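*Asks:* Right, I'll just put the structure down here and ask away after.
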Amino acid sequence: MNTRPDHTTGNDHHPDQPAASKPRIAITMGDPTGIGAEVIAKALADPTVRSLGRFIIYGMEETLDVAAGLAELETCWYRCPHDRVRSINSGVVLADYDEYSVPPGMRSPSSEGGAASLRFVEDAMRAAGEGVVDAIVTGPIHKTSWKLAGCRLPGHTELLGQHFNRKQVTMMFAGGPLKVALASAHVGLFDLRNGFTIGRVFHTIDAFDEALRRYWGIREPRIAVAGLNPHAGEGGRFGDEESRIIEPAITMARELGILADGPFPGDTVFHKALHGPFDGVVAMYHDQGLIPVKLLAFDSAVNVTLGLPIIRTSVDHGTALDIAGRNKANPGSMKSAIKLACELASRPPFDCPRIPLKISEAAATPAPQPEHRPQ
């Protein structure tokens, strides 16, 4: 066990950057029954990743030590009781929650795992709000465990929005050549109609455009907007949400100077993004956006929450209970999430202001007609 009497930590220094200037990153372990501890231990075992920032892991020492041992890794953290961690000077500190206990070998959703993983995130959010850390990286949680622990919210994104009092937050994914924002996230398909509004689609386009400018420095992002229905509705034959909701949202976005096009059929829009002029895609629902991202970047995609006053990135996978405790988890997504959090937190935002169009100019630029293919 690596224990020190205070919360100053470690000696990992990037040769070209003083430790005190590196971003301070909170990493939450996620559900103790899943692969969160394993991917964190493997990610931070990489000296290149570890050199990018100063880290506080919110988690359980026993679980992390077991994961590191199974992977035959030296632990790189210093343990400190979680109620004594108030800052991070260098290296990696483990804010240990030894009051929580999960039976060894448990590989199923549980109230114990839900309570622990909720506490890790709640304390990391509090640390971010108080300026102790500059960004949060979240490990995978099990939504059923959160429910068993009494949490009514379906996931991290909603919890972060509630904590920081943001009614509109957007789930975005960056994976390989794709950047995708979701107009709806953890909503059942049959429930989507109850909240599918012009405002929801417009807000997603707006937040996505701002992020592409602010974080990725794209001066004039081109955003492709997917349709909801097959063939983007095909002129109302398969639904009218495109003409009634999505097209008005695109028009509103153009009036602000956002270069948004669509709605395009969901089965062709990602091909356009990969091989055409677009910088990102707004998908209408969770799996529409996540299937292509995970197909192209299963082990390296990152979840980014837009609309928060802090930076939050996350792995794009779940707890993987089927392989937990077997040293089979790939840490690629956790490495990517840590790297992106450090990158975004260590540089000033890009200055790429919009140039609003006049209403007449926006109206004079019609959206491209969706492609129709014979079936």
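Since every read-out is calculated from the coordinates, none of them should be taken as a lab result. If you're wondering where the values come from, they're calculated on a predicted model, not measured in any experiment. No Cβ is skipped: glycine too gets one built from the backbone with ideal geometry, and neighbour counts run over all protein chains shown.
*Asks:* Could you give each residue of region 61-75 its phi-based ³J(HN,Hα) in whole Hz, using Karplus coefficients 6.51, -1.76, 1.60 with θ = phi - 60°, and x for Gly or Pro?
*Replies:* 4, 4, 5, 5, 5, 5, 4, 5, x, 4, 8, 6, 10, 6, 5
*Asks:* What range in the chain is the longest one free of GluC sites (Glu not before Pro) that are in a loop by DSSP and have at most 12 other Cβ atoms within 10 angstrom?
*Replies:* Longest stretch, sites excluded: 131-375.
*Asks:* Note the angle between two axes, namely the Cα long axis of helix 286-297 and the longest principal axis of the Cα atoms of the chain, as a number of degrees from 0 to 90, rounded to the nearest 10.
*Replies:* Once rounded, one gets 60 degrees.
*Asks:* Could you tell me the calculated FRET efficiency between Lys147 and Leu256, based on Cβ-Cβ distance and R0 = 41 angstrom, to the nearest 0.05?
*Replies:* My answer for the efficiency is 0.60.
*Asks:* To the nearest 10 degrees, how steep is helix 198-214 against the longest Cα principal axis of the chain, on a 0 to 90 scale?
*Replies:* Rounded to the nearest ten degrees, it is 60.
*Asks:* Mind checking the alpha-carbon convex hull of region 20-129 and giving the volume per residue in Å³?
*Replies:* 88 Å³
*Asks:* Of all trypsin sites (Lys or Arg not before Pro) in region 12-88, which ones are in loop regions per DSSP and have a Cβ with at most 15 other Cβ atoms within 10 Å?
*Replies:* Counting only loop positions with at most 15 other Cβ atoms within 10 Å, the trypsin sites (Lys or Arg not before Pro) in region 12-88 are Arg86.
*Asks:* With θ set to phi - 60° and the Karplus curve 6.51 cos²θ - 1.76 cosθ + 1.60, what are the ³J(HN,Hα) couplings of region 308-318 in order, to the nearest whole Hz, using x for Gly and Pro?
*Replies:* Ordered by residue, 3J(HN,Hα) equals 9, x, 10, 8, 9, 10, 7, 4, 9, 10, x Hz.
*Asks:* Would you mind ranking His82, His156 by Cβ crowding within 10 Å, fewest neighbours first?
*Replies:* Ascending Cβ contact count within 10 Å gives the list His82, His156.
*Asks:* Separate question: May I ask for the percentage of alpha-carbon pairs in the chain that lie more than 25 Å from each other?
*Replies:* Of the Cα pairs, 55 percent sit more than 25 Å apart.
*Asks:* Rounded to the nearest 500 deg cm²/dmol, what is the calculated helix-only ellipticity per residue at 222 nm for the chain, with -39500 (n - 2.57) per DSSP H run of length n ≥ 4?
*Replies:* On the way: 12 runs with 120 residues, N = 375.
The per-residue figure over the chain is -9500 deg cm²/dmol.
*Asks:* Percent relative contact order of region 168-305, based on C-alpha pairs within less than 8 angstrom and at least six residues apart?
*Replies:* 40 percent
*Asks:* Please list, in order along region 137-151, the HN-Hα scalar couplings obtained from phi with the Karplus expression 6.51 cos²θ - 1.76 cosθ + 1.60 (θ = phi - 60°), rounded to whole Hz, x for Gly and Pro.
*Replies:* The phi angles translate into 10, 9, x, x, 10, 9, 4, 5, 5, 4, 5, 5, 7, x, 8 Hz.
*Asks:* Rounded to the nearest whole Å³, what is the per residue volume of the convex hull around the Cα atoms of region 86-195? Please report the intermediate quantities before stating the final value.
*Replies:* On the way: hull volume 18.9 nm³, N = 110.
Taking only Cα atoms, region 86-195 has a hull volume of 172 Å³ per residue.
*Asks:* Can you pull out the trypsin sites (Lys or Arg not before Pro) in region 188-270 whose DSSP state is coil and whose Cβ has at most 13 other Cβ atoms within 10 Å?
*Replies:* When the trypsin sites (Lys or Arg not before Pro) of region 188-270 are filtered for loop state and at most 13 Cβ neighbours within 10 Å, Arg219, Arg237 remain.
*Asks:* State, as an integer percentage, the relative contact order of the chain based on alpha-carbon contacts under 8 Å between residues 6 or more apart.
*Replies:* 21 percent
*Asks:* Tell me which residues come under 5 Å, amide H to amide H, from Lys179 once H is placed; ignore anything under 5 positions away on its chain.
*Replies:* Val281
*Asks:* For His163, His275, His142, His186, what ranking results if the residue with the fewest other Cβ atoms within 10 Å of its Cβ goes first?
*Replies:* Exposure proxy ranking, most exposed first: His275, His186, His163, His142.
*Asks:* Could you pull the Cα extents of region 168-305 along its three principal axes, largest to smallest, in whole Å?
*Replies:* The Cα atoms of region 168-305 stretch 36, 32, 29 Å along the principal axes, largest first.
*Asks:* Enter the Cα centre distance for the pair region 77-133 and region 160-197, rounded to the nearest angstrom.
*Replies:* The two parts, judged by their Cα centres, are 26 Å apart.
*Asks:* Which pairs break 25 Å Cα to Cα here: Lys143/Lys294; Lys22/Lys328; Lys294/Lys335; Lys22/Lys147; Lys179/Lys335?
*Replies:* On the way: Lys143/Lys294 20 Å; Lys22/Lys328 31 Å; Lys294/Lys335 16 Å; Lys22/Lys147 36 Å; Lys179/Lys335 18 Å.
In this structure, Lys22/Lys328; Lys22/Lys147 lie more than 25 Å apart at Cα.
*Asks:* Starting with the fewest neighbours, write out Thr75, Thr170, Thr144 ranked by other beta-carbon atoms found within 10 Å of each beta-carbon.
*Replies:* So the ranking, lowest neighbour count to highest, is Thr144, Thr75, Thr170.
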